[in-house]
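Trainee: After the structure tokens below, expect a handful of questions from me.
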Amino acid sequence: MSEKRVVVIGAGMGGLAAALRLASGGLKVTLVEKRETVGGKVRELTIDQIRIDSGPTVLTMRPVFEELFAHAGASLTDHLRLRPAEILARHAWSEHERLDLFADIERSVESIGDFSGAAQARLFRDFCGRAADMYRTLEHAFIHEGRPTPLSLVLDSGLFNVARLKPYSTLWRDLGRFFPDPRLRQLFGRYATYVGSSPFLAPPTLGIVAHVEQGGVWMVEGGIQRLPEAVALLASRRGVEFHYGVGVSEILIDRGRVSGVLLDNGERFAANAVVCNADSAALAAGLLGASAKRAVRPHPVSARSLSAMTWSLHASTAGFPLVRHNVFFCRDYPAEFNTIFKHGRLPDEPTVYVCAQDRDDLGEVAGAGPERLMCLVNAPARGDTNPLQAREIDQCEEQTFTLLARCGLRVDRHPGNLVRTTPLDFERLFPATGGALYGRTSHGWRGPFSRSGARSKVPGLYLAGGSVHPGPGLPMAAISGRLAAEALLADLTST
């Protein structure tokens, strides 16, 4: 086994997790990353010589990362300092309508009771119980399963338990049973956007996000970029050879099986197997060679998940008492998603997420002056087909910060203290996606099963990352890396 060679394409969380596990399993591993840094969609932008997290900002499912480090004979806490967030997020609908959700369910029950009444607080407790029940059903039979199917889910969990998931309903319809207050229905409907989908089309199972968040939301000291850097450092110590600043132009296939990769600079790496951490849409589009296109099913534009417009700022704020994670809701939620998914346009009034990276649970920020912010609104993934025009982008920015002002938050922004990222920018970072940040949507009961599994259709080619099963987000991408590594090791052993 020690003489077997594996190439990993891409240093996103899925690729890093796979490389670390494979090296710990005794394989010779080479990781090729076209950028000069690790992290994939985890990225930092620099303004005023200050680094600002400008990709994923939420870390959940800590045991996934503890197990990843432990498998390599290390400890997560020896490499990273994590602090639990007591306030999961602060939500606002206007200057006078605010609600905090907490990691402690009882504090959230009390908060919701004060916001919407005792009856709604009791229904929220029922919702949390349902979310926990759904998570127990899906944890092993879906999330940690290499290639789940509707049949395998029924066989593993039982028909009765699967029926209780209400797979033919939608998250929005299901939330109506628990949240007569439309503001709360809107709040928990936002969980669909965690996988780039619409709450009006995605299945109720996305309600498990409530249970996941109650298990802990963690703040990474120094910024979330430190997480992939820590995994890369440990992987290097376990023997993974990293090549930065060079991409893969082709996955080489000989006699129907992977034989290595060809780099953009003409260099070739022979390999017994390849783990591809690029977006599966890039494979389907032939960006990694015509022979590798058949590894995954085609990616229609209509199946693309949400993209985003983001603003990274180093700016002074006033008015609204920000905490680390904040959500400012629009007044017409159905219109927001109808505009994006049906009409392919930016919404007239978007819901806005603001990560205030210098804030803690008390909302305190060290010192006076500017603070680090990342603001995000949902957008259609049309970066390669019909890129947003300057007028649309400017209008979206004006609407975004007008909504923040309506909710009480004033941001001192000017061209010198902010960086915008559009779907076209995301398309350039992640080609063939149109800027989609979450792979395929999870719409309809088949949606969660539409992603490729760890084993591709090409022998010797394995898949990892947020565009494949079990889906987007740092813990899910790390799980995909584990599933790819386990499948590869099992196949090499059987061969």
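Every number in this text was worked out from the coordinates using simple rules, so none of it is lab data. Model, not experiment: these values are computed from the prediction. Cβ coordinates were reconstructed from backbone atoms using ideal geometry, including for glycine residues, and neighbour counts include every protein chain displayed.
Trainee: Regarding the stretch 310-388, what whole-number volume in Å³ per residue does the convex hull of its Cα atoms give? Show your work: numbers first, answer last.
Mentor: Details: hull volume 8.3 nm³, N = 79.
It is 105 Å³ per residue.
Trainee: Continuing with this model, one more query. Taking 22 Å as R0, compute the FRET efficiency from the Cβ-Cβ separation of residue 342 and residue 169 and round it to 0.05. Kindly include the intermediate steps, with their values, before the conclusion.
Mentor: Working: r = 20 Å, r/R0 = 0.91.
FRET efficiency, residue 342 to residue 169: 0.65.
Trainee: Here's another thing I want to ask about it. Give the calculated FRET efficiency between residue 294 and residue 67 to the nearest 0.05, with a Förster radius of 30 Å applied to their Cβ-Cβ distance. Before the final figure, lay out the partial values.
Mentor: Numbers: r = 33 Å, r/R0 = 1.11.
Approximately 0.35, to the nearest 0.05.
Trainee: If you place +1 on the Cβ of every Lys and Arg and -1 on the Cβ of every Asp and Glu, how big does the dipole about the Cα centre of the chain come out, in debye to the nearest 20? Before the final figure, lay out the partial values.
Mentor: Working: 56 positive and 52 negative charges, 325 e Å.
Computed charge dipole of the chain: roughly 1560 debye.
Trainee: Just add up the charged neighbours of residue 399: K/R +1, D/E -1, any other residue whose Cβ is under 9 Å from the Cβ of residue 399. Present the calculation step by step, with values, prior to reporting the outcome.
Mentor: Working: positive: none; negative: 348, 349, 397, 398.
Summing Lys and Arg as +1 and Asp and Glu as -1 gives -4.
Trainee: Sticking with this structure for a sec: Treating cross-link reach as a plain straight distance, find the lysines whose alpha-carbon is under 27 Å from the alpha-carbon of residue 166, omitting any fewer than eight places away in the same chain.
Mentor: Of all the lysines, those that pass the test against residue 166 - Cα under 27 Å, at least 8 places apart if same chain - are 342.
Trainee: In the stretch 72-109, which residues have a backbone nitrogen under 11 Å from the label point lying 7 Å from residue 221's Cα in the Cα-to-Cβ direction?
Mentor: 78-83
Trainee: Hey, another quick one. Using 0.36 nm per residue, how much length does the chain from residue 493 to residue 114 gain when fully extended, once their Cα-Cα distance is taken away? Provide the component values of the computation, followed by the final result.
Mentor: On the way: separation 379, 0.36 × 379 = 136.44 nm, distance 5.85 nm.
Gain on extension, residue 493 to residue 114, equals 130.6 nm.
Trainee: Students often get this wrong, so check it: of 28/457; 4/41; 34/293, which have C-alpha atoms separated by over 26 Å? Write out the running numbers ahead of the final one.
Mentor: Values: 28/457 24 Å; 4/41 29 Å; 34/293 20 Å.
Beyond 26 Å between Cα atoms: 4/41.
Trainee: Follow-up question, since we're still on this one. Provide the net charge surrounding residue 115, with neighbours chosen by a C-beta distance below 11 Å and charges set as Lys +1, Arg +1, Asp -1, Glu -1.
Mentor: Charge balance near residue 115 sits at -3.
Trainee: Would any residue of the stretch 298-317 have its amide N under 17 Å from a label point 7 Å out along Cα→Cβ of residue 395? List them or say none.
Mentor: 309
Trainee: If you restrict to DSSP beta bridges whose two residues both lie in the chain, what percentage is antiparallel, to the nearest 5? Don't skip to the answer; put the middle values down first.
Mentor: Numbers: 50 of 70 bridges.
In the chain, DSSP labels about 70 percent of beta bridges as antiparallel.
Trainee: Per DSSP H run of n ≥ 4, the term is -39500 (n - 2.57); total these for the chain, divide by its residue number, and report the mean residue ellipticity at 222 nm rounded to 500 deg cm²/dmol. Each step should come with its number before you reach the end.
Mentor: Working: 16 runs with 164 residues, N = 495.
About -10000 deg cm²/dmol.
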